[in-house]
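Below is one structure; the comments refer to it alone.
The values are calculated or read from the model by the stated rules, or taken from the named source; none is laboratory data. Small disclaimer: the values here were computed from a predicted structure and weren't measured. Reconstructed Cβ throughout: ideal geometry from the backbone, glycine too, with neighbour counts over all protein chains shown. These accessible areas exclude ligands, DNA and RNA; they are computed on the full protein's heavy atoms, side chains included. Shrake-Rupley method; radii C 1.70, N 1.55, O 1.52, S 1.80 Å.
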Amino acid sequence: MTTPPPIPEAAPTAGKIMLVGIGPGSEAHMTARARQAIEEADTVIGYVTYIKLVADLLEGKEIIRKSMTEELDRAVSALDAARQGKKVALISSGDAGVYGMAGPTYEVLFQAGWTPDDPVQVEIIPGASALNSCAARVGAPLTHDFCAISLSDLLTPWPTIARRLDAVAMADFVVALYNPKSGRRTRQIVEAQRLFLRHRRPDTPVAIVKSAYRRREQILFTTLDQMAEADIGMLSTVLIGNSNTFVRHGLMVTPRGYANKYDLEQGGETRDGEKRGRSLSTGLLGWLDTLQAEHAEGLDIDTLAARHRLPADYIRSTLLEPVTATAVESEENA
């Protein structure tokens, strides 16, 4: 009787890395997909504080806890587990792509020769970042243009951070400061304040939110000239308003600009010279007309640059390229 050949063992199924943003930390504000990803994972990897925030979802799972400065170790551990066929939830607070684990993980993956065609799959699962959750707790401070800057100089040279702070302060962005202060990094928030005061009023509204939606949440409204004296730590996010931001009835609001076009006291009627659904009279085309007229009146490039707070070479190139009929037509049909 012929002995049948042995049945070959099946090759292990490649695993998956799920980069999960768990949101601000309360289960109520975690997305359904984030919760599902953690529940279906074999292994959950994260900073010890983040592991505690999802403790109710971790029964029967392999847990790998890492410290705050071990981001690359977390990514390496995730890849090792996925190569073994496991589904891995690599968790970040907020959103994994905003100062989270998505970037470091891709760096580790690429260094290891991973490509999107690799058997190990990668999925990014978004969550509400700190700027979203903190803004929701204080009103509507991000309704107009805003940006986020981290004050952590552990990986970024301070001159780079300082240039960014100075640029956005001058440009009148609402700014969310991440990683504003720690036990060892106490001067960064003072330097940020100093740079902002070069361009912003001392009474510019500031909101400081600590542990939004968590058990020890703290909210403080203050002003730019007083913010560095506040209780600020690594769990805080600092929201600095722009020149139009105000605080009223305990709510921080940045107007979108409707009052520039509409008379809000007259039922929202358009102001003289404005058209509903069209750019402001002081929008791009209106400003180009003004610039041309001012230059024709004899104002030189440097004077125009100072008046409009724009680079002289931009003013010069703009004046050399007058508005065309096509541009006007496109604006009218927008």
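Results, tabulated for the structure shown:
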| item | result |
| --- | --- |
| Distant-in-sequence amide H partners of residue 172 (H built 1.01 Å from N, under 5 Å) | none |
| Electrostatic dipole magnitude of region 13-109 [Cβ: Lys, Arg +1; Asp, Glu -1; Cα centre; debye, to 20] | 120 debye |
| Kirkwood Rh (inverse of mean 1/r, distinct Cα pairs), region 24-93, angstrom | 12.1 Å |
| Segments 129-135, 167-173, 248-254 sorted - mean Cβ within 10 Å per residue, highest first | 129-135, 167-173, 248-254 |
| Local net charge near residue 111, Cβ-Cβ under 15 Å (Lys/Arg +1, Asp/Glu -1) | -3 |
| Normalised per residue, the volume of the convex hull around the Cα set of region 142-200 (Å³) | 73 Å³ |
| Estimated vicinal HN-Hα couplings, Hz - region 148-158 in sequence order (Karplus 6.51, -1.76, 1.60; Gly, Pro = x) | 10, 9, 8, 8, 6, 9, 5, 10, 10, x, 4 |
| 5 Å-binned pair-distance histogram of region 121-168 (Cα, whole percent) | 4, 15, 18, 16, 18, 18, 8, 2, 0 |
| Along the chain, longest interval not containing exposed GluC sites (Glu not before Pro), exposed being DSSP loop plus at most 10 other Cβ atoms within 10 Å | 60-296 |
| Over the chain, relative contact order from alpha-carbon pairs under 8 Å, at least 6 apart, % | 14 percent |
| Identified option (computed volume of the Cα convex hull per residue in Å³; candidates (i) 238; (ii) 158; (iii) 129) | (i) |
| Protein accessible area in the chain, 1.4 Å probe - carbon and sulfur % | 52 percent |
| About the Cα centre, charge dipole magnitude for the chain (Lys/Arg +1, Asp/Glu -1 at Cβ), debye | 1220 debye |
| Sites residue 203 and residue 292 - FRET efficiency at Förster radius 25 Å, r taken between beta-carbons, to 0.05 | 0.10 |
| Other-chain or far-sequence residues with amide H under 5 Å of residue 124's (modelled H) | 19 |
| Region 83-151: Rg to Rh, with Rh as the Kirkwood radius over Cα pairs | 1.10 |
| Solvent-accessible area per residue, Å², over region 7-127 with all protein chains present [probe radius 1.4 Å] | 50 Å² |
| Integer Hz, Karplus 6.51/-1.76/1.60 couplings in order for region 174-189, x for Gly and Pro | 6, 10, 9, 9, 8, 6, x, 6, 9, x, 9, 9, 9, 8, 4, 5 |
| Total charge dipole magnitude, region 127-238, about the Cα centre, Cβ charges on Lys, Arg, Asp, Glu only, Debye to nearest 20 | 340 debye |
| Under the Karplus curve 6.51 cos²θ - 1.76 cosθ + 1.60, θ = phi - 60°, whole-Hz ³J(HN,Hα) for region 203-210, x wherever Gly or Pro sits | 8, 4, x, 9, 10, 10, 10, 10 |
| Amide H contacts under 5 Å for residue 139, placed H, 5+ residues apart | 252 |
